[in-house]
Amino acid sequence: MSRSFYLSPEQTMRELIDLNRKVVTGIERLSHVREKDIQAGVSPKEEVYREDNVVLYHYIPMVEKPFHIPVLIVYALVNRPYMVDLQEDRSLVRNLLKLGMDVYLIDWGYPGRGDRWLTLDDHINGYINDCVDVVCEWHGLDRINLLGVCQGGTFSLCYTSLYPEKVKNLITMVTPVDFHVQEGVPNLWAGCSTTAHTMDVDTLVDAFGNIPGEFMNLGFLMLKPFQLGLGKYLEMIDIMDNDEKLLNFLRMEEWIFDSPDQAGETYRQFMKDFYQGNKLISGNVMIGTKRVNLSQVRVPVLNVYAEQDHLVPPASSIALERYVGTTDYTLRSFPVGHIGMYVSGKVQKDLPPTIVKWLKERTA
């Protein structure tokens, strides 16, 4: 809009008329959008295991003989996992399937009031371990491949350190490791030794029980209030007369605001031990009665990070190499932000082949 100050009255009028046309056209198009038009999660899948709110899905293979060691995707608790299968032309899952992978995914579901006492022990020694056992049993294997995304990558690191005999290869994507880097979520949210103020996590959990998804969303939006708030809706005007771009935008909005509540005790430990205490890299995280030591991660590791990530700063992910015990470590980056890792067309052309090639080179 600022360009109008440098335009003639006639040019300004034409721009205003064009803007009005786009808005009117967009409103008309929005009135015809149906829920199924913006539904994400396009790849056919089947439920193979359920425990409490947690569901283990198996995606229907797209080749006659998929690769014999399957990949289990462990997503974060904060948002819904269909981001990795958003739409046909922007789907990590679909691209892995097309390249011959056999893919499973853990869907954490929506925690209810009765789940506030679930702990990291329940999630890692319980749900993840049970899902790994199911996949191993289905395929007659002792070990499978893990692909952890964001917080799910942190969970996968913990799991691999505790159960190295069950993991063949580990892939971490946009995964926080060092939680005391000087930028990003660690300082803005929880506070740490480098910040003047620290969130009172205990009071928050005691007051709420489960942490509302709306509270989590507000924290994300406050990281870039203009860009993630007003800015994107102003930019939306320019695409309202393009059906494909408009539906893409609405799918993203659906995912952003589809935020499950966080089980209170899990949130308490994750924020205090990981964000505030930075105990993952010091070897002081306890999952139940078991201590996580990243030096016990001796399987091959592919660590993928986003160079413009404002949620998981690159430095937080890159730090992993200093702490894992593996001698087979690969670091790969892409010039996108956190969400771009899943939805960028260029990334989706390069990332799935990178993963598949890396896995096949390390599988006898």
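Remark: pairs (first residue in segment 331-350, without any contact (Cβ under 8 Å) to a residue 60 or more places away in the chain; second residue in a helix (DSSP H, G or I) and small (Gly, Ala, Ser); Cβ separation under 8 Å; 6+ apart in sequence or on different chains) = Phe334/Gly340; Val347/Gly340. Quick check on segment 141-160. Is at least one of its residues in contact with an Asp or Glu (Cβ under 7 Å, 6 or more places away or on another chain) and farther than 18 Å from Val297 by Cα? No; the residues of segment 141-160 include none that is in contact with an Asp or Glu (Cβ under 7 Å, 6 or more places away or on another chain) and farther than 18 Å from Val297 by Cα. Within the span defined as segment 279-294, one or more residues are over 29 Å from Gly213 (Cβ atoms), of a type in the set (A, V, I, L, M, F, W, C) and surrounded by 17 or more Cβ atoms within 10 Å (Cβ to Cβ). Give me the residue from segment 328-364 that is among the hydroxyl-bearing types (Ser, Thr, Tyr) and more than 15 Å from Pro70 (Cα to Cα) and, out of that set, surrounded by the fewest Cβ atoms within 10 Å (Cβ to Cβ). In this case the residue turns out to be Tyr329.
Would you please name the residue that is nearest to the chain's Cα centre (by Cα), looking only at residues in segment 141-183 that are assigned to a loop (DSSP other than H, G, I, E, B) and over 22 Å from Pro335 (Cα atoms)? Only one residue fits best here, namely His180.
Contact annotation: residue pairs with Cβ atoms under 7 Å, 6 or more positions apart or on different chains, pairing a residue in segment 113-130 that is surrounded by fewer than 20 Cβ atoms within 10 Å (Cβ to Cβ) with a partner that is hydrophobic (A, V, I, L, M, F, W, C) and not in a loop (DSSP other than H, G, I, E, B), are Asp121/Ile287; Asn125/Ile287. Might you let me know whether segment 105-114 holds any residue that is assigned by TED's automatic domain parsing to the domain that holds Lys279 and at positive phi? Yes, segment 105-114 contains at least one residue that is assigned by TED's automatic domain parsing to the domain that holds Lys279 and at positive phi. When segment 96-106 is filtered for residues that are assigned to a loop (DSSP other than H, G, I, E, B) and in contact with a strand residue (DSSP E or B) (Cβ under 8 Å, 6 or more places away or on another chain), the ones remaining, listed by number, are Met101, Asp102.
Within segment 316-327, work out how many residues are surrounded by fewer than 16 Cβ atoms within 10 Å (Cβ to Cβ) and farther than 18 Å from Asn169 by Cβ.
Total meeting the criteria: 1.
For the residues Asp261, Asp309, Asp273, the requirement of being crowded, with 17+ Cβ neighbours inside 10 Å, among the acidic types (Asp, Glu) and farther than 29 Å from Ala207 by Cβ singles out Asp309. Gly109 passes every criterion in (1) of a type outside the set (Ser, Thr, Tyr); (2) part of a loop (DSSP other than H, G, I, E, B); (3) over 16 Å from Pro260 (Cβ atoms) apart from (3).
The values are calculated or read from the model by the stated rules, or taken from the named source; none is laboratory data. These numbers come from a predicted model, not from an experiment. Please note: Cβ atoms are built from the backbone with ideal geometry, for glycine as well, and neighbour counts cover all protein chains shown.
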